[in-house]
Amino acid sequence: MYAQAKHCMDIFSTGGKEIYLHCLGNSINRCLNLALHIIKKSGQGLSYSIHTSTIHFIDESHPFHEDGDIALKQRSNSAVHIKLSKHMSQ
């Protein structure tokens, strides 16, 4: 996570104005921690917005032998989208 945080801070320090973080399923906790770490390190320099969504997938499973059928399985997964923005005065 520290390399990702450093990369994000480097973007802001070289003139970047916004960063978008997107995550799915099990990575949501890690992404939220990354965003919080970046916000804390920036002091009062960043604003943020967080949105959630549900992503729908179709998994396609192919059989190991020629006689089997291809199986399709529909599933949903949670997603989080975080926008980190530099305050305009900076």
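The values are calculated or read from the model by the stated rules, or taken from the named source; none is laboratory data. Since the model is a prediction, treat every value here as computed from it, not as a measurement. Every residue, glycine among them, receives a Cβ derived from its backbone with ideal geometry; neighbour counts consider all protein chains shown. These area figures cover heavy atoms from the full protein model, side chains too; ligands, DNA and RNA do not enter into them. Shrake-Rupley method; radii C 1.70, N 1.55, O 1.52, S 1.80 Å.
Cβ separations smaller than 8 Å between residues 6+ apart or across chains give no pair from the stretch 1-17 residues that are acidic (Asp, Glu) to residues that are surrounded by 14 or more Cβ atoms within 10 Å (Cβ to Cβ) and in a helix (DSSP H, G or I). Within the bounds of the stretch 58-79, is there any residue that is open to solvent by less than 60 Å² (accessible area, probe 1.4 Å) and among the polar types (S, T, N, Q)? Scanning the stretch 58-79 turns up at least one residue that is open to solvent by less than 60 Å² (accessible area, probe 1.4 Å) and among the polar types (S, T, N, Q).
Taken over the stretch 31-52, the criterion of being open to solvent by 100 Å² or more (accessible area, probe 1.4 Å) and either outside any strand (DSSP E or B) or more than 10 Å from ALA79 (Cβ to Cβ) (or both) is satisfied by LEU36, LYS40, LYS41, GLN44, TYR48. Checking each residue in the stretch 1-30 for being among the aliphatic types (A, V, I, L, M), in a strand (DSSP E or B) and open to solvent by 70 Å² or more (accessible area, probe 1.4 Å) picks out only LEU24. Kindly list the number of the only condition in (1) surrounded by fewer than 14 Cβ atoms within 10 Å (Cβ to Cβ); (2) of a type in the set (Val, Ile, Thr); (3) touching a residue at least 60 places away in the same chain (Cβ under 8 Å) that fails for ILE55. Only one criterion is unmet by ILE55, namely (3).
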